[in-house]
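Colleague: One structure coming up, written as structure tokens, with questions to follow.
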Amino acid sequence: MAKKKIGILKKIIFWLLLILLLSGGVAAYLGYRMVYLPNIFLGDKRSEIIFIPTGSKFEDVVSILKEGNILKDEASFTHLAQLKKYKYNIRPGKYRILANLNNNTLINLLRAGIQEPITLTFNNIRKKEQLITIVCQKLEADSTELHALLNDDQYLEEIFSLKHETILTAFIPNTYRFNWNTSAKQFMDRMKAEYNKFWNADRKAKAKQLGLTQTEVSILASIVQAEQQQFQGERPVIASLYLNRLRIGMPLQSDPTIIYALCDFSICRVLDKDKEVDSPYNTYLHTGLPPGPIYIPDISSLNAVLTHPKNDYLYMCAKEDFSGKHNFAKTLAEHNRNAARYRNALNKSKILR
């Protein structure tokens with residue numbers, strides 16, 4: 001009888017061990033599946049971009065993944081996220097999710113904040129509103145906040161030593177890489193760093209030799225660029241001409257400043273009546289530089305001012321062949337002949353405005 005009981009006990013122990021082993025195997029498989037098996041479904045796509053806004057909670061992240069039909073199994077992702085404490089460590093940003101990622105890799109990516117960088121390029125900008133639009137279309141930065149910063153004289157004076165009229169001189173057109181969740185303040189801080197990088201000791205020394213501040217160099221460069229947008233090779237010549245005028249106290253008489261004052265950038269022909277516009281940007285009425293830039297000048301325009309060749313030109317006029325280039329003159333008589341040819345060409349082509 002005792003032997004029979006021992007036999008039964010052994011069988012019970014055997015089945016218990018087998019059940020435990022099978023349960024452990026199932027648990028191990030489920031654990032392995034939760035951590036390592038692919039849990040991302042993208043169809044035929046190799047990757048998908050998601051944006052996690054600043055202030056998002058874990059539930060928001062799950063909603064973003066669900067809305068994109070990215071997760072196969074929400075429960076396993078949620079469970080592992082809790083075990084890895086991602087639920088309490090949400091990092092906003094732009095993320096590239098690759099096809100066939102497992103939960104572990106996805107959570108590590110999001111938890112570490114490994115973002116897909118944003119490439120931001122800005123050039124050919126005349127007004128703050130254009131800059132705000134370009135920046136806020138690419139970054140999470142709030143347009144209202146950025147507008148406020150660009151017009152806050154106290155902030156601009158403290159950070160840039162500039163005012164709202166001159167702040168656009170702080171932006172150096174180029175291609176920059178940002179994280180998507182860059183705020184308006186962070187964007188301005190980055191631009192300040194890039195401004196300081198551009199204005200190295202050599203460029204500062206060249207500006208000082210010209211008797212100009214960095215801001216004045218940028219304002220003049222903005223006029224040079226507005227005068228010549230097609231052929232960069234002419235910009236140093238134009239810069240020299242305007243510097244010659246500044247030295248002798250002669251008005252710059254730049255048509256692009258009139259167009260800027262009128263805020264009508266469709267104008268092709270500046271008329272005499274336009275030159276009477278009451279504006280500090282009217283360089284026909286006011287000598288010296290206008291109070292701010294009429295363009296965000298690019299690096300070639302800034303360098304055109306800083307490294308201009310010396311010449312004796314005081315006058316310029318667009319060529320009558322409409323090539324986009326200019327005739328330069330040292331005397332008013334020569335300039336008047338150039339101007340007459342250009343006016344005749346305008347009239348012949350019936351360009352009245």
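Colleague: Would you work out the relative contact order for segment 47-112, in percent, from Cα pairs under 8 angstrom that are 6 or more residues apart?
Modeller: Computed value for segment 47-112: 50 percent relative contact order.
Colleague: May I pose another question? When the chain is treated as a GNM, springs tying every alpha-carbon pair under 10 Å, which of PHE58, PHE178, PHE122 comes out with the largest mean-square fluctuation?
Modeller: PHE58
Colleague: Sticking to Cα atoms, compute the Rg of segment 206-348 to one decimal and its Dmax as the biggest Cα-Cα distance, whole number, in Å.
Modeller: Radius of gyration, then largest Cα-Cα span, for segment 206-348: 14.3, 46 Å.
Colleague: In addition: Quick one: pull the percentage of alpha-carbon pairs in segment 118-198 with a separation above 22 Å.
Modeller: 13
Colleague: For the chain, what does the relative contact order come out to in percent, with C-alpha contacts under 8 Å and a separation of six or more?
Modeller: Once divided by the residue count of the chain, the mean separation gives 13 percent.
Colleague: Also: When the gyration tensor of the chain is built from Cα positions, what are the square roots of 5 times its three eigenvalues, in whole Å, from largest to smallest? Display every interim value, and only then the final one.
Modeller: Details: eigenvalues 947, 79, 55 Å².
The three semi-axes for the chain are 69, 20, 17 Å.
Colleague: State the percent of C-alpha pairs, over all pairs in segment 165-253, separated by a distance greater than 20 angstrom.
Modeller: Details: 1812 of 3916 pairs.
Here the long-distance tail beyond 20 Å is 46 percent of all Cα pairs in segment 165-253.
Colleague: I've got another one for you. If we count other beta carbons within 10 Å of each Cβ, what is the order of LYS57, LYS185, fewest first?
Modeller: Ordered from fewest to most neighbouring Cβ atoms within 10 Å, LYS57, LYS185 come out as LYS57, LYS185.
Colleague: Please give the helix 2-36 orientation as an angle from the longest Cα principal axis of the chain, in degrees from 0 to 90, rounded to the nearest 10.
Modeller: 10
Colleague: Could you sort 330-341, 85-96 so that the peptide with the highest average Cβ count within 10 Å comes first and the rest follow in order?
Modeller: 85-96, 330-341
Colleague: Treating the Cα atoms of segment 47-112 as identical point scatterers in vacuum, please give the log10 of the normalised Debye intensity I(q)/I(0) at q = 0.12, 0.22 Å⁻¹, two decimals.
Modeller: So the normalised log intensities work out to -0.24, -0.92.
Colleague: For the residues GLU67, GLU129, what sequence is obtained by ranking on other C-beta atoms within 10 Å, fewest first? Present the calculation step by step, with values, prior to reporting the outcome.
Modeller: Details: GLU67 9, GLU129 12.
Least to most surrounded, the residues fall as GLU67, GLU129.
Colleague: Most fluctuating residue of LYS138, LYS128, LYS310 in a GNM of the chain with Cα springs under 10 Å: which is it?
Modeller: The residue with the greatest mean-square fluctuation here is LYS310.
Colleague: I need ILE49, ILE267, ILE40 ordered by Cβ neighbour count within 10 Å, fewest first.
Modeller: ILE49, ILE267, ILE40
Colleague: Enter the angle in degrees (range 0 to 90, nearest 10) between the Cα long axis of helix 103-112 and the first principal axis of the Cα atoms of the chain, meaning the one along which they spread out most.
Modeller: The helix 103-112 is inclined about 40 degrees to the chain.
Colleague: Separate question: What number, rounded to the nearest 500 deg cm²/dmol, is the helix-based mean residue ellipticity at 222 nm of the chain, given -39500 (n - 2.57) per DSSP H run of at least four residues and division by all its residues? It would help to have the intermediate numbers written out before the result.
Modeller: Values: 14 runs with 178 residues, N = 353.
Result for the chain, helices only: -16000 deg cm²/dmol.
Colleague: Among THR119, GLY249, ASN174, which residue has its Cα positioned farthest towards the positive end of the charge dipole of the chain, with +1 placed on the Cβ of Lys and Arg, -1 on the Cβ of Asp and Glu, and the dipole taken about the Cα centre?
Modeller: THR119
Colleague: Once the Cα atoms of helix 74-83 and of the chain are each reduced to a long axis, what angle between those two axes, in degrees from 0 to 90 to the nearest 10, is obtained?
Modeller: Relative to the chain, helix 74-83 is tipped by roughly 90 degrees.
Taken together, the values in this text are just the output of simple stated rules run on the coordinates, not laboratory data. Predicted model, so just to flag it, every value in this text is computed and none were measured. In this analysis, Cβ positions are derived from the backbone assuming ideal geometry, glycine residues included, and neighbour counts consider all displayed protein chains.
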